[in-house]
Structures are given as structure tokens and as C-alpha cells.
Amino acid sequence: MAQTVIPFSFETYLQRKLASGDPVTLNKIVLANIPDLDLTQPIPRDTGLPTHDQIVHEQVIDQVGKINTNALAYSIVMDTTMGDFTFNAMYLIDKDDRNSIGMIVWKLPETKTATDDLTGTTGNSLVKSMLMEYDGAATAAAITVTAATWQIDYSARLIGIDGDVRLQALDVYGHDAFIDDGFVVTKATNTEQYFVGAGVGYIGGLRAVLAQNQTLTISTKPTSIWVSVSRQGTVLGAWSNAIELKVSATALTDNVMDGVDHYVAKIADISVDGSIIDARQMPLSGLAQGLPYNVHRIYFPFDTCTTMVNGQRKVWECYHNQPIKGQSPDNPANRHDGWTDKTKPFYWIPKTGGRVGMPFYWLSEIAPEEAVMEIGANLPAAVYWRLAQTYPHLVRNGVINTGDVRGEFLRVWDGGRGVDQYRGINTSQPAAQNFHTARAGSAGSYGAAWADELGGSTTGIKQNLQYHNVTSGSRGYLEYLSMQQSMTILTWDNVSRNISRAMAIFI
């Protein structure tokens, strides 16, 4: 059983609208719970809105539909997030003129329940409509849309779809990830203003878009800057992800507020001195290696990218010891060969797979870009930081020198074997003359001399001072001593056949 009425206040309201040429704008339904309501009695036409303590819910009209030229249906949709309350009266009003009531309905009590996961309560969805009829209603309200089946509540299905999309993004991006410079924090010089850069991030699976740079004033430090994202909207309206920036020295976590899930991520730490530590997480696309160079991406030490050089794909490795952005490897000034700054490392180096600090033979007088020649050069440790990190014992006074191997024979380190005793690694050994006693041939001959055992002494033929080349494979000379009966072969630097090649070292 129910009672309905169009009160006197609407007649006055309608005449005023018609006189001004403005449309009738009944746009809100007020729900109330009136004690001791007698549904057997008609509603007095001078009835106004109930008292504030009796009103349990107010909602803007979700849809207006034309039944015919003289009747309109005003509807609201209450989904499972609304409640809990009981109502037995409905009032159709103009929200900008609450004293102008278009229609009143008194009815049996009805309860609206919200879903509560903690208690296991499943909420109900209600569509409430008020059908109002008067001459020329559609024309007066400028309503041409025909009432149809839009009142069906699809909220459960739509919320489920939103949940699936959020979980898919969560699988791809993790709890939080930011694209390029999105939400990066910077600081104004000599002020307490900090700027959060416009861009895109994913937090809790929700896509957060900061359309414009935001400014924060932070005077208390140390602290942190956080982003909170929640999905909000109305049943029939568009939903969007709402973003809120927060400053808090206390760690913030995901939370639920007024039934809405809020997902939180830290984007920066602010130190006592005001400096910024970027706390944003990068997406998987920002961690992938070997992708084409992206001018917007932040590259970290040892990250790789590719560019096309003369029709061939070139792989580059980030050599700088700090994150870099906007420094293309195609620019020679950003690489080893064109670098001029002796205070910091260059940005890029060709990726070849060579291990840092490994010497190798090279068939050219010029080292490749990923190496330097071992010519005894003093290399700034600030530039060649990876080489200095590999061989810290070779760093002296801010430079590293791997030695000069030009023109030298290399010998494998003895390492305690005893073949080449008392030698330390990387030590050099000068050339030395070896004296061998020689034996002469038959009396009166000058040749046929050969090296005997070391230190041996043999009497030979006394001759005037003579010199003879030694052709036994040693460099030196054969000396017939004029005042002695013995002869001596002086030899040094036993030389085998060889090829001269340069040696370089990976940096």
C-alpha cells in the first residue's frame, strides 16, 4: 500500500518556470524514514521535506525517461556499495530549490543493504523510480528520451570486469611501476618547492595519469612523497582513477577508505638536506635489455640498447656510473672516442662481450672503442671507472696505469712452480749477458768454436785478437783473447722467430 501526491509547492514552482521559459529541473530524490507513518491516510498537499534526522539518503537523478507527453519517470540506481538504511518515504525535488517538491510517495518500509566483506553480508541493488504525471510534463521538463530497460543494475558485472583489468595490469607491472619520467620528483633551486612530473604510472593495477606537473611545498625533512590511486565513479556515470599526492615520513600502505580501495606507492625520499632520492619502480619494459634506444628512458650502468649504424644494428652498453637520459649513443661525443670530460665516465660503449680488464692482441695500431692500448698511459680513474674497479691496486693518485707492453716478450707468471723463481706478477726482467766458455778447433784454425757448459774452461790456441760471428742461434760474438789460452762466447737475448702485434685491454 502506498500514497502519492503532487504538493502545492510544485504548482508554484511550475508556474515560475513556465513564466521564465526555463525547463522544470526535478533532479534529486530524497529518501526518509518517518516514524509512525499512516499509509491509510492521504498525504496533505502542503507537506514539505521531513526533518534532517529523518532523511537517510539523497541521490541525484540517474536518468529521466518520457512515458508520454504528460508523464515522466525519474529513476535512481543504488548499487551494492550503498547502505545500510531503511526508508518509507520518497521526495522528488529540485536540488537547487529544496522547497519546491514535485512529488511525494509514502510506502511500506524498505531496507537498502551494502556489501560487507568483513561480515560476509551481500548487499542488494535497488532501482527506485517516481512516475510523475501532469499536463505537458515532457515539454515542460524538455525531456525527449523514452524510458527503457536501462534501469537494470549491471554494477556487479562491471565491477568484476574492472577487477579483472586491474589484476591483468598487476600481473604485467607489479604493484607499482612508472613510465619514463612519469611522477619523477624534482626540486626548485633554493626553495622548499618540489615538483612531481606529469606522466603515467601503474599502482595496484590502476593506471594513474598525472595530466600536469604538480607542486608540493615541503618544509619538514626527512620525509617521503607518495601517490595514492583509487577508482571512483557513479553507477551510470564514467569511472576514473583518482590520484592524490601525499607527504609522509611514516610509511604508507594500501588501504580501504569509505568502502573504496586506495593503492599507494612511494615515488621519492627527501633527505635532511633536501636532496631527492628517486624511489619509483620501473616497469618491465624499462628493465628489458637490447631494445631500440628510447630517448625518454632512464638508462642505468650496464643497461644495453640498439641503434642502426650504416644499415646494421649496433648494440651499446651504458658505461656511465650514474643513471642517464637523453644521451644518444649515436652521438660520438657521448662515447669513448669523442669524450673530453676527464671528471666523469663517458655514456656509451660498444657491447662486445669482452671482460673488463682482459688484455687481448689487436691487429691495428688503433684500439677499438671498447678498449685502450697497453702503452703505459695514465688513465683518469674517474673516466675509466670499471677498469679501476677491476684493478684497484693499479690506481695511483687518481689514475690507473696497466703498464707498457710494447716490444716486450710475455712470460706466464711462475706462481710458485720454481721455474722462474722470485718473480712477482706484472714484474719485468731486464736482458742479461750470458758468458759461455768455448773450445777452439784444430791448431791454427780460427773457426769451429762452440759453446761448452756454463762456467767450463778449455785451453785453446793463442791467436791475435779476432772476432767471429756466432751462428748457433744466439746473438753475440766469439772473441779470441790475445793474452789468454781460452776463448769466451758472449750471448744475450735468445731470439725466436716472431710477429709484432699490438696489445689492448677491455675497459
* Starting from the Cα gyration tensor of segment 327-399, take the square roots of the eigenvalues, sort them a ≥ b ≥ c, and report rounded, prolate or oblate (rounded when a/c is under 1.5, otherwise prolate if a/b is larger than b/c, else oblate). => oblate
* Full-stretch length increase - Gln15, Gln429 - with 0.36 nm per residue and alpha-carbon distance subtracted -> 137.5 nm
* Vicinal HN-Hα couplings computed from phi for segment 376-384 (Karplus, 6.51 cos²θ - 1.76 cosθ + 1.60; Hz; Gly/Pro x) -> x, 6, 8, 9, x, 5, 5, 8, 8
* To do: Multiply the residue gap between Thr217 and Asp337 by 0.36 nm, knock off their C-alpha separation, and tell me the result in nm, one decimal place.
  => 38.8 nm
* List the residues of segment 243-274 whose backbone N lies under 17 Å from a point placed 7 Å from the Cα of Ala188 along the Cα-to-Cβ direction. => 274
* Structure fact -> Given a 1.4 Å probe, the accessible area of segment 242-397 per residue, as a whole number of Å², is 57 Å²
* To do: Tell me the label-point distance for the pair Arg396, Thr119, using the 7 Å Cα-to-Cβ offset, in nm and rounded to one decimal.
  => 8.1 nm
* To do: Return the carbon/sulfur percentage of the accessible area of segment 2-55, one whole number, probe 1.4 Å, all protein chains in place.
  => 52 percent
* For segment 361-396 and segment 28-47, write down the distance between their C-alpha centroids in whole Å. => 91 Å
* Asked: When ligands, DNA and RNA are left out and all protein chains stay put, how many square angstrom of accessible area per residue does segment 39-141 have with a 1.4 Å probe?
  -> 48 Å²
* Burial order of peptide ranges 196-203, 59-66 (average beta-carbon count within 10 Å, highest first) -> 196-203, 59-66
* Asked: How far apart, in nm, are the 7 Å Cα→Cβ label points at Asp414 and Leu167?
  -> 7.1 nm
* To do: Multiply the residue separation of Lys314 and Ser364 by 0.36 nm, subtract the distance between their alpha-carbon atoms, and state the gained length in nm to one decimal.
  => 15.9 nm
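The values are calculated or read from the model by the stated rules, or taken from the named source; none is laboratory data. Remember, predicted model here, so these are calculated numbers, not experimental data. Counting neighbours? That spans all protein chains shown, and the Cβs are built from the backbone with ideal geometry, glycine included. To get the accessible areas, we keep the full protein, side chains included, count just its heavy atoms, and leave off ligands, DNA and RNA. Shrake-Rupley method; radii C 1.70, N 1.55, O 1.52, S 1.80 Å.
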